[in-house]
Every structure is written in structure tokens, then in C-alpha cells.
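Below: the structure, in C-alpha cells.
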There are 2 protein chains.
Amino acid sequence: MGAYAFGVDIGGTAIKMGLFETNGKLLEKWEIPTDTSENGSHILTDIADAMNEKIEAHKWDKHEIIGIGMGVPGPVDEKGNVLKCVNLGWGVFNIEEKMEKLSGIPTKAGNDANVAALGEMYKGGGRGYTNIAMLTLGTGIGGGITIDGKILAGINGAAGEVGHIPMNDEETECCGCGKKGCLEQYASATGIARMAKKKLAESNVDSVLKNDGEITAKKVFDAAKAGDAFAIEQVEELGKRLGKACACIACVCNPQIFVIGGGVSKAGSIVTDVIKKYFCRYAFHAASNTPFALAELGNDAGIYGGVKMVLPE
Amino acid sequence: MGAYAFGVDIGGTAIKMGLFETNGKLLEKWEIPTDTSENGSHILTDIADAMNEKIEAHKWDKHEIIGIGMGVPGPVDEKGNVLKCVNLGWGVFNIEEKMEKLSGIPTKAGNDANVAALGEMYKGGGRGYTNIAMLTLGTGIGGGITIDGKILAGINGAAGEVGHIPMNDEETECCGCGKKGCLEQYASATGIARMAKKKLAESNVDSVLKNDGEITAKKVFDAAKAGDAFAIEQVEELGKRLGKACACIACVCNPQIFVIGGGVSKAGSIVTDVIKKYFCRYAFHAASNTPFALAELGNDAGIYGGVKMVLPE
């Protein structure tokens, strides 16, 4: 058996690449730009070229590489079919077969949020567990569920799309997905800023956020930590929404742990603490002790999760 | 390898037993009473005795029985630990080990709602699928999720407890689980009757349900089918709650199909039609075409699911 494997995380502007030993040790990581021209038709060739360069530089035989695991910013089903990937210009095709043909190396692929969840399970905040639920609170909300150490992809590649759990029938603004009232509209970085802005505009409340330029999620957390009552209220609201959503998730798959990642999680334990507080209130009693952890791998979660898909168990 | 297996469904008043060929054909089914005296300590012995009688009557050798699969009315984790079973008087113990010791036959056990879901996947409304989500709308709401043809039990045996998805922060009455606002409080048979009663008492609306004695879920559906405007509104409300809950479930595990069972499902396609209508509204677009089916096995789902757990794949 070969001794090395690649983990690849395809993003809209950059592709993160990781070269690993099959024991999971990261040897090198680097990035190449994402060429979205001509419907993204150069992306896989660029990745294959970058890997070949690395293999040649090390003077390895291709058989020393056991596999390539890739995260893709769109739905991927269990058979490796990309079901459309708007950011990259991709339509529907089997990415595993295509990459294997291009590279001559066995390939696995999954949705990037799912693959990041697998990475956190493998080497990050979910280390030591096999059944985790990860929520990535960034510009939007991504999510990933692992069952028995493997990604739960779902029949349409839509398992773990927890950012689109319906939360509010009264919402008038649209989510990026076209619906109204999705979790993402309140609990993503964008959503946190949106809600704070809206509430400030609607009330006469005093807050440091009023005279601090454009409101961001980071500013809300900083103000809450500094004791600003309005900001604390926003954090509580956030905890309530996320705690309730996690209670829904627990009623479905009852994970061993929740891992919270993405830009919002950089605020630290204030995030997990407030989610946990409301989770206990909303969760079915048997699951109410489920622990919460912060993600640990940041932008490397994708390459760790990618490689995990092709490593021997 | 042996040629037969038992499927057992332990209920609070009766234990359903099924004798199957290993090809899944049901040969015989019968019931024995559930003896809950002395903390239910006779239950497993009674089951073992009933099986032994059957084995002796057929003059079979015990080695012809490949296994026993049992559904239990309480949480059971993936290792076969019963985590308390109030109805039966049971505490915490490993039911698989205990039954194997008593019977000399390999045993598997799961939560009864999960096992019923497996039964419906195997021979009922979810036939032909491996990843289903089942909702059993009875006195309460049970649920079960299958992934790749197997029960998703969850770390506390609480996966599929979809009756306790939080639905309403404003609820003042308590759910049986101790929380307020669970799906079960609105969409179980009891919940449907409760809501209809409450709404009738609060309004001056005219309805055949007003002069028809005690309101039941069945009466609500019958009145809706006969065109009663108030009853139709109740059915729409029910569809809205269940459609939203199914949208939550789809955001987590994105099943191939939803199967709706329990007493409420006896009303027929009016139930699945109205859930589907609202599901489409609330579901993430990738999952919005998920089909809905009625359960088909009724009270036999448990013995079919039980035996499925021990049959070769």
C-alpha cells in the first residue's frame, strides 16, 4: 500500500491542497487559485497538475499515493455525483470518476461543509468521536453530520444543511436559498449583523454599536464581552435560535457532540456557552447533556476531512 | 446457517411475536401478555419460554434459529443497553446479553419506534429504500430514521425522537416529556384532538364537531373529508406543523422518503397530501421533492423490523 494521500478543499477563489502521510500527518499544505473560466473546466486539471508536480518533486511513484479526497462547494451525493456547483460553474457530473481518470489515483468527494465536519471529527474539536454534528457559522451556515465516522451525505447531498432549518414563519426577507425564515438568516455572521442592525434601527436603546460604523458579528461579540446590554441581548437571541436548532438536530440524529466552527466561532466559548444554555432548555431530556466544542482546525478542516475519506480505517 | 428467526415487539400490555423464515416470510404471529409485575422481571423469560414452546412444537433444533430481534418501548443504545423503560418497570441493563443468556440465541434490540421504521423500510411503505424517516402519529409521536438499511439509534438512543422537535415557544401546556411546545403536542392523535377542542372553545365558529361528543383525531379527519371548514382548517394546521418538522428532518438527514404511520395515518392520503403540501414550502430546495408514503404494516411493523435486525443482508 502507498504511504501518502492528498486532501483537497475546492473554494470559489482558492483551492487548498494538503499532502499527508497515511497515518494522518500533514506534510505540506499550499494553495492554488480557482480558475472558474470556461465553466470551471480547468479546475480538476489544475488540481491534478499540482499533485503531479508534488509527486515528481519528491520523485515518488504514483502508486505511493493511496487516494485523493476532495471537498466541493455544492451538493455531492454518495456516489460522487456533483449535483451542480454554481460558484464554480459546474453542472452535474461524477467528480470521483473524472478525477480518477485525470490523475490515475482513487478519488472520493463530498460537500465542503460535510468534509470539514469530517476533518473536525478526525483531528479537531470532535476528536475522539464518530457521530458529530458540526455547524459552521460563516457568511452563511454550513453543516455536516458524521455517523460511525463517515459523512452522512443524504439522498440529494443535502444532509447537514442545517442553515436552512425553518425558524421563523414571520420573516419578510429572503434567505439566499429562496425561502424565508431559515436559521442562516439569524445565526450566520451576516445574520447576526443583520439582526443587530435591524433591532438598533427599531429601538431607542443605547449601545456602543450605535457609533461604531458598520455592524459586524465580531463587533456584537466584542461589545457583549465588554458588557453592552444590547449586544448581550443579541448574543442571547443567537443562542436561543442555535440552541433550538441543535435541539431539532438532536431529535433527528442524537450526536455525541456538537462542534461549532466558522468565523463566528472565533469569538470563543461565549458562543458555545450561550448555545448550550438554550439547547438544554429545548432538547429532549435524553440528549440534553450533549457537549458542545469549538472547531479547532479553521481553514484546514477541509483538507483533513478530505484526506480522511481516503485513509484506511 | 439456521433457517428461522423471531421478531418480537414488546408493548406495555402485550408482546407481539413473529416467527419468520430467513428470507423474511412470516410463518406465524401471536401475542403474549406483558407481565409488568416485579419491575417487569418476567418479561424476557416469558418471551424465551414462548419461543422455546414454538421451537419444540416444530421439533426444531435451536441452531435452526439464527436470531431474535426485539423492539422495546424505551431508548436502547447501539450496544443493546436499555436506558430505562418506565412502562415496563425496567432500569438500565444490556437486553441483548440478557436475552442471549436466557435463550441461547443471538439477540438484537432497538427502540420500538426505530424498529417499526426498519420494518416499514423492509416490507412496508418504505419498501425499496434504505434511508427513510418514519413518523408514527399515535397517542404520542414516535419516529425512526434508517441510514443505509440500518436503524440510526443515536448516542443516547434518542435519534428519531422527532415528536419532541421544539415547535412553539408560546405553549403553556406541558408535553409528556416535561418540555413545552413539542411537535407531539399538536400532531399526535391526542394533540390533534386537543387543538381542535381548544380552538372550538375559543371561537364561535360553526362545525359538526361541536355537537358530536368527545372530539377525536378521527372525527376531525372525517369532518374535513365531509367539507367541514373548521375541520379542514385543523388539518391544514396539522400539515403545516408536520411539514415544517419534516423540513427540519430533511435538513439533517435528507432521507429518500418519509413514511407516515400510526393511528392518525389511517385517515389515508389526506394526511400525507397535507404534510407534503407544507413540506414543499418549508424544505430546502434540494430536498423538496422527497416523496411521502403511508405506512403499510400497522401493528406488524415491529415484528418485521425486529426480524430484519437479525437477518443476513
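The values are calculated or read from the model by the stated rules, or taken from the named source; none is laboratory data. Everything quoted here is computed from the prediction, not taken from an experiment. Here Cβ is always computed from backbone atoms with ideal geometry, including for glycine, and neighbour counts include all displayed protein chains. The accessibility values were calculated without ligands, DNA or RNA, using every heavy atom of the protein model including side chains. Shrake-Rupley method; radii C 1.70, N 1.55, O 1.52, S 1.80 Å.
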State the answer as a single residue: which of B:131, B:74, B:37 lies farthest towards the positive end of the charge dipole of the range B:27-136, with beta carbon charges of +1 for Lys and Arg and -1 for Asp and Glu, about the Cα centre.
B:131
Just to confirm a number: summing +1 for Lys and Arg and -1 for Asp and Glu over residues other than residue A:50 whose beta-carbon lies under 15 angstrom from that of residue A:50, what do you get?
-4
Taking residue B:269 in one copy and the same position in all the others, each labelled 7 Å out along Cα→Cβ, what are the pairwise distances from the first, in nm, shortest first?
5.7
Leaving out ligands, DNA and RNA, what percent of the accessible area of chain A is carbon and sulfur, probe 1.4 Å?
49 percent
For chain B, the longest stretch holding no trypsin sites (Lys or Arg not before Pro) located in a DSSP loop with at most 11 other Cβ atoms within 10 Å is which?
B:80-313
14 Å tail of the calculated P(r), the range A:80-163, as % of Cα pairs
65 percent
Copies compared at residue B:127 - label distances in nm, ascending, label defined 7 Å from Cα in the Cβ direction
5.0
I'd like the orientation of helix B:269-282 relative to chain B: the angle between its Cα long axis and the longest Cα principal axis, in ° from 0 to 90, rounded to 10.
70 degrees
I need the P(r) histogram for the range A:162-313: all alpha carbon pairs, bin width 10 Å from 0 out to the longest distance, whole percents.
11, 35, 36, 15, 3, 0
Based on alpha-carbon atoms only, what is the radius of gyration of the range B:113-231 relative to the globular estimate 2.2 N^0.38 Å?
1.26
The range B:1-107: radius of gyration and largest Cα-Cα distance (Dmax), Å:
13.4, 38
Cα pair count fraction exceeding 13 Å, expressed as % - the range B:244-313
67 percent
Positive-end residue, the protein assembly as shown charge dipole about Cα centroid, Cβ charges, pick of B:297, A:152, B:279
B:279
Restricting to DSSP loop positions (anything but H, G, I, E, B) with no more than 15 other Cβ atoms inside 10 Å of their own Cβ, which chymotrypsin sites (Phe, Trp or Tyr not before Pro) remain in the range B:233-279?
none
Less than 16 Å apart at the alpha-carbon level, and either on another chain or at least 8 residues along: which lysines does that give for residue B:62?
B:54, B:101
Within the protein assembly as shown, helix-based [θ] at 222 nm, where runs of 4 or more DSSP H residues each add -39,500 (n - 2.57), nearest 500:
-11500 deg cm²/dmol
Quarter of the Cα convex hull surface for chain A, i.e. its orientation-mean projected area (nm²):
16.8 nm²
Note the angle between two axes, namely the Cα long axis of helix A:229-253 and the longest principal axis of the Cα atoms of chain A, as a number of degrees from 0 to 90, rounded to the nearest 10.
50 degrees
Put the label 7 Å from Cα along Cα→Cβ for residue A:46; what are its distances to the other copies, in nanometres, shortest first?
6.9
For each pair in A:16/A:150; B:180/B:240; A:25/A:276, compute the distance between the two Cα atoms and list the pairs where it is over 29 Å.
A:25/A:276
In the range B:186-250, what is the volume of the convex hull around the alpha carbon atoms, normalised per residue and reported in Å³?
78 Å³
Across the Cα atoms of the range B:80-124, what radius of gyration and what greatest pairwise Cα-Cα distance (Dmax) are found, in Å?
12.2, 32
In Å, what Rg and Dmax follow from the Cα atoms of the protein assembly as shown?
26.1, 87
Using Cα positions and a limit of under 19 Å, work out the lysines in reach of residue B:59, with same-chain residues fewer than 8 apart set aside.
B:29
Taking chain B as the reference, fit the longest principal axis to its C-alpha atoms, fit the long axis of helix B:112-123 to the helix C-alpha atoms, and give the angle between the two in degrees, 0 to 90, nearest 10.
80 degrees
Of all GluC sites (Glu not before Pro) in the range B:68-115, which ones are in loop regions per DSSP and have a Cβ with at most 12 other Cβ atoms within 10 Å?
none
Exercise: per-residue mean of other protein chain Cβ atoms within 10 Å, A:280-292:
5
